[in-house]
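All remarks here apply to the structure that follows.
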Amino acid sequence: MGKARKNDICTQFKSMKVCKFLLCRKMHFLRFACAVLLAISLSACTFSHRTTSVSFALPAWPQDAGFPSLAYWHVYSTNGADCVVQSEIASISLEVSPITPVAIIAQPITKHGEREAAFFHPAGCVYPATNEITWQNGFAAATCMNLYNASSNEKVETARYLASFNWKKMCDSVLAKSNNTLYDPWKADMHAVCSSIAAHSFSVSLLAMKRTMEIEMAFLAQLATARGMHNAYFLPQYVPLYETQRASGKTVAKRGDVNSFLCTEQTIAVVMPPATGSVMTLEISAVPVYTGRK
């Protein structure tokens, strides 16, 4: 066999070995890619569908004079729960995810003569960051639920994103601010809080109340009396604020906004401090009827 012929055979043999090597590499890569995709798929299913049943205690309803009777709790969550819990029931079991945030809202529905109303801000919980339904956790739960509802992404992707946020720190901050102070988290800028969480730029400073002023309870009583409303209770919508309000003789209201206080079983006082200055208006209105979850 000639030298040229030998060289041609060697070249072909080497080419076959290279092709075989490249084919093996390609098959190995395809197997690896399939395994990765399968793992991601299984992870996504586990991330979104794995649930466990957890029992949550509901807050004790205040028995102080002036507070209307509790008719029931309207409890709903981002995991699909939506139910009525009668006032005599102290706890509820819900299906929740152990690894993704589940916002739970417990809206108290109170009795006002012949009507029922959702006057007070809800209690809540963001599980698993917190495992207690409390008044202080209600704002964080509402924030989390708003973010779920506002997202245009698939729920599993939204859940994965929200799981990276420190919900416990937010809840702890609200609890600390609510301790014996004239603080109401619902007077923070909810839009700014939600936007910052979505942008990964949240700071606890955003939980500070915006454009608020302290008001003497005696002054509100004078305004109410001038409108024919005597012995008004002025119960705040944020339940924990009541004790501080009673002890200090003061409350807090947001400037340039509507601030509602329950005066009697069937009436509310709508207090509207000006954006600037000290001239304040107070109007008496009927308690709005609860027509269901918005």
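So how much slack lies between Trp186 and Lys169, counting 0.36 nm per residue of separation and subtracting their Cα-Cα distance, in nm? Don't skip to the answer; put the middle values down first.
On the way: separation 17, 0.36 × 17 = 6.12 nm, distance 1.71 nm.
Residue separation times 0.36 nm, minus the Cα-Cα distance, leaves 4.4 nm.
FRET efficiency for Glu216 and Trp61, Cβ-Cβ distance as r, R0 = 25 Å, nearest 0.05?
On the way: r = 28 Å, r/R0 = 1.11.
The pair Glu216/Trp61 has a calculated efficiency of 0.35.
Take the solvent-accessible surface of the protein heavy atoms, probe 1.4 Å, and return the percent of it on the range 44-106 that carbon and sulfur atoms account for. Spell out each step's value before the answer.
On the way: 1400 of 2820 Å².
Percent of accessible area from carbon and sulfur atoms in the range 44-106: 50.
Rolling a 1.4 angstrom probe over the protein heavy atoms, how many square angstrom per residue are accessible across the range 233-294?
Numbers: 2910 Å² over 62 residues.
Ligands and nucleic acids excluded, the result is 47 Å² per residue.
How long is the gain from Ser93 to Ala247 if the chain were fully straight, where each residue apart is worth 0.36 nm and the alpha carbon distance is subtracted? Working shown, then result.
Values: separation 154, 0.36 × 154 = 55.44 nm, distance 3.57 nm.
51.9 nm is the gain from fully extending Ser93 to Ala247.
Hey, rough spin-label estimate for Asn149 and Asp82, points 7 angstrom out along Cα→Cβ, what's it come to in nanometres?
1.1 nm
At 0.36 nm per residue, minus the direct Cα-Cα distance, what do Glu114 and Arg50 gain on full extension? Give it in nm, one decimal, please. Provide the component values of the computation, followed by the final result.
Details: separation 64, 0.36 × 64 = 23.04 nm, distance 4.31 nm.
Between Glu114 and Arg50, full extension yields 18.7 nm more.
Per residue, how much accessible surface does the range 69-170 expose to a 1.4 Å probe? Answer in Å², no decimals.
Values: 4190 Å² over 102 residues.
Counting only protein heavy atoms, the per-residue value for the range 69-170 is 41 Å².
Using a probe of 1.4 angstrom, how much of the accessible area of the range 187-294 is carbon and sulfur, in percent? Don't skip to the end; give the middle numbers.
Details: 2970 of 5470 Å².
The C+S portion of the solvent-accessible surface of the range 187-294 is 54 percent.
The values are calculated or read from the model by the stated rules, or taken from the named source; none is laboratory data. Bear in mind that the values here come from a model prediction, so they are computed numbers and not experimental data. Cβ sites come from the backbone with ideal geometry, for glycine too, and all protein chains shown count toward neighbours. The protein model used for the area step is the full one, side chains on, heavy atoms only, and it has no ligands, DNA or RNA in it. Shrake-Rupley method; radii C 1.70, N 1.55, O 1.52, S 1.80 Å.
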